[in-house]
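The values are calculated or read from the model by the stated rules, or taken from the named source; none is laboratory data. Remember, it's a predicted structure, so these values are computed and weren't measured experimentally. Cβ placement follows ideal geometry from the backbone for every residue including glycine, while neighbour counts extend to all protein chains displayed.
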Amino acid sequence: MISAKPSKNLIEVVVHHSNLANLIMVIMVLFGVFGLTKLNTQFFPTVKIDTITVTVPWPGASAEDVTTNILEVIEPELRFLDNLDEVTSYGREGSGTVVLEYIEGADLQKALSDAEQAIAGITTLPEDSETPTISAVTFTDGVATLALRGPFSEEALKQFARQIRDDLLDRGIDKVEFNGYRTPEYVIEIPERELRRLDLTVADVAQTVSGNTADLPAGTLDGAVERQIRAMAEERSAASIGRVEVKSLASGEKTTVADIGTVFRDYKDGDNQGFAKGTRAIEIKVLRVETTDTLKAAETLNTYLAELRPQLPPTLELLQYDVRAKLVQDRISLLVENGLSGLVLVVAILFLFLNARIAFWVAAGIPVAMMATLGMMWLLGESINMISMFALIMMLGVIVDDAIVVGEHTATRQAMGDAPDEAAINGAKTMLSPIMAASATTIAAFVPIMLVGDVLGQIMGTLPVVVVAVVIASLIECFFILPGHLAHSLGKQPSWNWWRVVLLAAAPALFITGLARQPDENVPPFFDGVAEPARGLSETLGPFLFEAAVILACFVVGVALEFLFQNLRRRKIRKGTADQPGWCRRGFDAGFGWFRDNPFHGLVKLSVNWRYVTLAVAIACLILAVGLMRGGRVGFTFFPSPEAENLTGSIFFHAGIPEEEAIEGIRQIEGALWAVSDTYAEELGESVAVSSYATLGRAGNNRGDNVANINVQLTRSEVRTVRTPDIVRAWRKALPDIPGASRIAIAERRGGPPGRDLDIRLSGAPLADLKAAALQVQDELSSYPGTTGVTDDLPFGKPELLVGLTPRGRALGFTVQSAARQIRDAFEGNIARRFAEGDEEVTVRVRQSFENGGTSALRQLSLKAPSGEFVPLTEVVNLRDAQGFSVILRRNGVTVVSVVADVDSTITSNNEIIANLSESFLPELADKYGFSYSFAGKAEEQANAFSDILTGVVIAVAGIYIVLAGIFSSYFRPIIVMSIIPFGIVGAIVGHMLMDYKLTILSMIGLLGLAGILVNNSIILVARFEERQAAGESIKQAAVEASCDRLRAVFLTSLTTIGGLLPLMFETSLQAQFLLPMAITIVFGLATATVLVLVMVPALLTIFDDIASLILLRRPEPPAPQTDGRQLTPAE
């Protein structure tokens, strides 16, 4: 029941109400629990790029033909659609693809409609090209990858794969994709002699087959019984197609397809083929959409596989690898462990510096604020990932800062004689304005991070969202929960508390039962002493009895502890020492007071008396730190991706290589990898490879019969001592000499922003010149130590024979189109029919058969003239050789060739290589071949990110200044407060040097957020200075004493933030290393700036007073009487 005393605001209502604070706390916790059940768990935040893909198949066409006749026709219609960011086109052998990438936030449905209308208006596409397909790309993320292999036919493997796909979709898996799953087709091959004997062409046979293999409705028959008339073709099979009549004579003689040719079932040319360890295999990729949790999808998959495996034939291998759920669980668990360790340190610091009762309630607010933050993260569409978990760890100290201020001031008010209720109200109300200001500056520092665009912005955009959510949750806990708890706690006599018993029993019970449920590999080694006995006891008693026994035992211990506490309290009451601090508290306070009043007071007084020397030393430190970076002592790398656990081998064979030789080459290259893995297993006792899957027909964006790709899953980086770059070098060294291979590029597949470390784009010259220049760039890049995976995206294609019409051909009535069509029908084939077979589309292809292969077959071909006679090809057309390309890439309507490479950041950096290339090599090469060049990939992301961060810095500084100007009602005080911001750089750079880390873009983002944390310390010091100055103290004395007054508060707020991040600083997991630069920036920057705040801000206050005296010609102030200024009421 609310007290009859009138309440003026919500804080008073909370304090005077008997349980409102607890109700608000319960609501926040329940909100967090609900949000936690809804939050998805993943490695990185969701990265979505809104794209629409337009694909136009043109079977048999070369990449140059596709580029000229399809891409150059489509691009002008699509390039100027609304909200487009970039248009990327691929001209490949047999198809053209245009990828439309839209700016973030574009209406994809409207964009899809606009693209469909634009394509519908095009009437100049090649006659033989197929209907364009237009689709919007939706976000998917991998859950795991399966592979089927064994001594089975390809059709049998496909049947197993379809069964697995259908079962997984039925169980709720969002999407399943196949790799190495070829489309079937029926092929009719007819020799030329039979065509000439019957006076037919391939097109004639295809037309006949088409007309006899389709079911057609023939109308409705009226009458007493209305009937539907249907024309039915025979069942579609090789035999039924062979029975189709292609020629019937009046005498009754009939000639069927089988009489003049052969019909057989085959697979579509150009479809990718899959292999695993040299055996034909089909890869099954299990995917999830944005709204599906990775761990839940993985659980569904694992349950299904456990049921399926016993039902499969013994010789059929079902491999599972690239399991994202395991990776996600390990990485998130790693951060949770570091967060819990940080929480223990934060709580220990609280109990060290604060009264135990206040420290308890301040610490109790941490889980409450964290749970409320999780609920807000769910509302804002975030997920549990590496970045959001880091933000929560970083904000551990910030959460308690507000509560520390309110708790300390409440204790001060009670010591001054206020009743517990009034002390809690006055403490919260007095600190409302400063805390709101500090929160506003923190938000102003972090929110501009959201200005960072591109993929990096989507990854790091989670950070400010979590920070804002934590600040809001902290404010609610600080003003609407903590005052109520403090009022009740400070004014209540010690008594038996069953809630305390429950808490003391529940915490260890949940911990022990949780450890018993976890598998051994998920439990940190330092918990093995508890986990192993608990797991053994659980197996002996059974889960139910074990958990009941643990709960009962913990409850008994809780009751015993509460009984012990009660006895200790009663003993203190009898001795009259109940309200006196213990010996530890007295000792610490005495020691801290001595340090504050003697060495620290003298240091601050010295810095104020020698204020210009103090400023000069601080500036010198700043210059020295910048010099360390500019001089190369502290390097820079854009984004420190976690160590790769996947490799990609791109293989480029000589154009025209026979399929059998290409497959054998893949088998040898894959075998070299497993030989390396076996060598490591023998020498070090650890295997480095888990699985490999090879694809013939695709390598990155390249397509064709002469390219292949090998994807390799390595063992987790934490469980092996061999580093990924070493594995790459060992595999490259073990590669056999394959005569048919022109180039083999092995690269690491890394997380983080897309794009390779080096991506040099060449444009503005003929294709042949661009290719020649690209080869020289590759040779130059390969000469740099630390570069791997050097390749370009303009691979040579099959050798071409260019056909030109002769004068005799024209005289016979041939046209280029009619001659080319007959040649195409003979070799590529004429599609007679497409029909559905289950969930596959099967084509019926008619083509000519030849006794000899190669160019001799072409020269033996005869073409049917309009007059009906057959004429040798060589009389109709001229033939000349040429070299083409298998894929041509265009960006925004311009042909571009990209040369890419990976860089080992421990040896060199992409910035160093780019600087060296730009000095002379690339300019001279550009003059030689007449092309222009630009740097993309990580370099492009870096330039964009720095531009966005610079804008964010301006906005953050302006926002912080406006907030401070409002607090101090001054235009000059904010400058003193903000002057500490640049000095955070000193600690950040020195910290990176001491920890042997390079600066990264995450370090820069950390500096932006650090500014808000640093300003908060300056605020409380300058505010205290103004209080003392208003009380009549001189400028120098007020500056010195204000720093001494705020020593405990500044130390406490800084140490809690540092303590929260400290365990992460010593994390050895390679997958968390990319976060360490940001942690180093905040820990070292905050530690250094904390000292500078306490020493330099007093000096700056007096320097500004000197300047004001000089400008206003004021006389120096007389010395004020020396009083103990700390007797003034502190601001917190």
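At-a-glance table
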{"quantity": "In the stretch 927-980, residue surrounded by the fewest Cβ atoms within 10 Å (Cβ to Cβ) [restricted to those that are of a type in the set (Gly, Ala, Ser) and not in a helix (DSSP H, G or I)]", "calculated": "969"}
{"quantity": "Residue in the stretch 436-443 that is crowded, with 24+ Cβ neighbours inside 10 Å, in the same structural domain as residue 349 (by TED's automatic domain parsing) and aliphatic (A, V, I, L, M) present", "calculated": "yes"}
{"quantity": "Selected residue [crowded, with 19+ Cβ neighbours inside 10 Å and among the small types (Gly, Ala, Ser)] from 325, 250, 258", "calculated": "325"}
{"quantity": "One residue from 456, 352, 380, 451 being touching an Asp or Glu at 6+ places or on another chain (Cβ under 7 Å) and surrounded by fewer than 22 Cβ atoms within 10 Å (Cβ to Cβ)", "calculated": "451"}
{"quantity": "Residue identified as touching a strand residue (DSSP E or B) at 6+ places or on another chain (Cβ under 9 Å) and modelled with pLDDT under 90 among 608, 634", "calculated": "634"}
{"quantity": "Residues (under 21 Å from residue 162 (Cα atoms) and of a type in the set (D, E, K, R)) located in the stretch 248-268", "calculated": "265, 266, 268"}
{"quantity": "Check on residue 508, outside any helix (DSSP H, G or I), touching a helix residue (DSSP H, G or I) at 6+ places or on another chain (Cβ under 9 Å) and at pLDDT below 80", "calculated": "no"}
{"quantity": "Residue in the stretch 428-443 that is free of Cβ contacts under 8 Å to residues at least 60 places away in the same chain and among the small types (Gly, Ala, Ser) present", "calculated": "yes"}
{"quantity": "Residue 239 being part of a helix (DSSP H, G or I), at pLDDT 85 or above and of a type in the set (Gly, Ala, Ser)", "calculated": "no"}
{"quantity": "Residue that is surrounded by fewer than 19 Cβ atoms within 10 Å (Cβ to Cβ), within 30 Å of residue 372 (Cβ to Cβ) and at pLDDT 80 or above, where the choices are 477, 547, 539", "calculated": "547"}
{"quantity": "Verdict on residue 392 being in contact (Cβ under 8 Å) with a residue 40 or more places away in the chain, buried (at least 21 other Cβ atoms within 10 Å of the Cβ) and closer than 23 Å to residue 458 by Cα", "calculated": "yes"}
{"quantity": "Complete set of residues in the stretch 14-23 that are surrounded by fewer than 20 Cβ atoms within 10 Å (Cβ to Cβ) and either at pLDDT 80 or above or within 27 Å of the chain's Cα centre (by Cα) (or both)", "calculated": "20, 22, 23"}
{"quantity": "Check on residue 1062, at pLDDT below 85 and touching an Asp or Glu at 6+ places or on another chain (Cβ under 6 Å)", "calculated": "no"}
{"quantity": "Candidates 734, 699 - the one that is surrounded by fewer than 20 Cβ atoms within 10 Å (Cβ to Cβ) and touching a residue at least 40 places away in the same chain (Cβ under 8 Å)", "calculated": "734"}
{"quantity": "Residue among 721, 791 that is among the hydroxyl-bearing types (Ser, Thr, Tyr) and free of Cβ contacts under 8 Å to residues at least 60 places away in the same chain", "calculated": "721"}
{"quantity": "Cβ-Cβ under 6 Å pairs, at least 6 apart or on other chains, the stretch 505-516 side over 17 Å from residue 536 (Cα atoms), far side at pLDDT 75 or above and in a helix (DSSP H, G or I)", "calculated": "505/554; 505/555; 505/558; 508/554"}
{"quantity": "Among the residues listed as 1024, 1046, the single one being farther than 25 Å from residue 904 by Cα and touching a Leu at 6+ places or on another chain (Cβ under 7 Å)", "calculated": "1046"}
{"quantity": "Hits in the stretch 890-902 - residues which are within 26 Å of residue 60 (Cα to Cα) and crowded, with 24+ Cβ neighbours inside 10 Å", "calculated": "897"}
{"quantity": "From the options 740, 752, residue that is touching an Asp or Glu at 6+ places or on another chain (Cβ under 8 Å), at pLDDT below 85 and surrounded by fewer than 22 Cβ atoms within 10 Å (Cβ to Cβ)", "calculated": "740"}
{"quantity": "Checking residue 707 against (1) under 23 Å from residue 891 (Cβ atoms); (2) in contact (Cβ under 8 Å) with a residue 24 or more places away in the chain; (3) in a helix (DSSP H, G or I); (4) not charged (D, E, K, R), the condition it does not meet", "calculated": "(3)"}
{"quantity": "Checking residue 28 against (1) of a type outside the set (Gly, Ala, Ser); (2) surrounded by 17 or more Cβ atoms within 10 Å (Cβ to Cβ); (3) modelled with pLDDT under 85, the condition it does not meet", "calculated": "(3)"}
{"quantity": "Residue in the stretch 329-351 that is free of Cβ contacts under 8 Å to residues at least 60 places away in the same chain, part of a helix (DSSP H, G or I) and aromatic (Phe, Trp, Tyr) present", "calculated": "yes"}
{"quantity": "Filtered residues of the stretch 122-168 (kept if within 32 Å of the chain's Cα centre (by Cα), assigned to a helix (DSSP H, G or I) and surrounded by 14 or more Cβ atoms within 10 Å (Cβ to Cβ))", "calculated": "161, 162, 164, 165, 167, 168"}
{"quantity": "Neighbours by Cβ (under 6 Å, 6+ apart or cross-chain): first from the stretch 1006-1021, in the same structural domain as residue 1045 (by TED's automatic domain parsing) and modelled with pLDDT of 80 or more; second charged (D, E, K, R) and surrounded by 24 or more Cβ atoms within 10 Å (Cβ to Cβ)", "calculated": "1021/1046"}
{"quantity": "Matching residues, the stretch 911-920, being surrounded by 14 or more Cβ atoms within 10 Å (Cβ to Cβ) and under 20 Å from residue 773 (Cα atoms)", "calculated": "913, 914, 916, 917"}
{"quantity": "Scan of the stretch 181-206 for residues that are of a type in the set (A, V, I, L, M, F, W, C) and part of a strand (DSSP E or B), ordered by number", "calculated": "187, 188, 190"}
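Okay, residues lined up against (1) in a strand (DSSP E or B); (2) within 29 Å of the chain's Cα centre (by Cα):
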{"residue": "643", "(1), (2)": "no, yes"}
{"residue": "649", "(1), (2)": "yes, yes"}
{"residue": "665", "(1), (2)": "no, no"}
{"residue": "670", "(1), (2)": "no, yes"}
{"residue": "677", "(1), (2)": "no, yes"}
{"residue": "698", "(1), (2)": "yes, yes"}
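Quick grid of which residues meet (1) under 22 Å from residue 349 (Cβ atoms); (2) outside the structural domain of residue 34 (by TED's automatic domain parsing); (3) among the acidic types (Asp, Glu); (4) touching a Gly at 6+ places or on another chain (Cβ under 9 Å):
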{"position": "384", "(1), (2), (3), (4)": "no, no, no, no"}
{"position": "396", "(1), (2), (3), (4)": "yes, no, no, yes"}
{"position": "399", "(1), (2), (3), (4)": "yes, no, no, yes"}
{"position": "404", "(1), (2), (3), (4)": "yes, no, no, no"}
{"position": "413", "(1), (2), (3), (4)": "no, no, no, yes"}
{"position": "416", "(1), (2), (3), (4)": "no, no, no, no"}
{"position": "419", "(1), (2), (3), (4)": "no, no, no, yes"}
{"position": "422", "(1), (2), (3), (4)": "no, no, yes, no"}
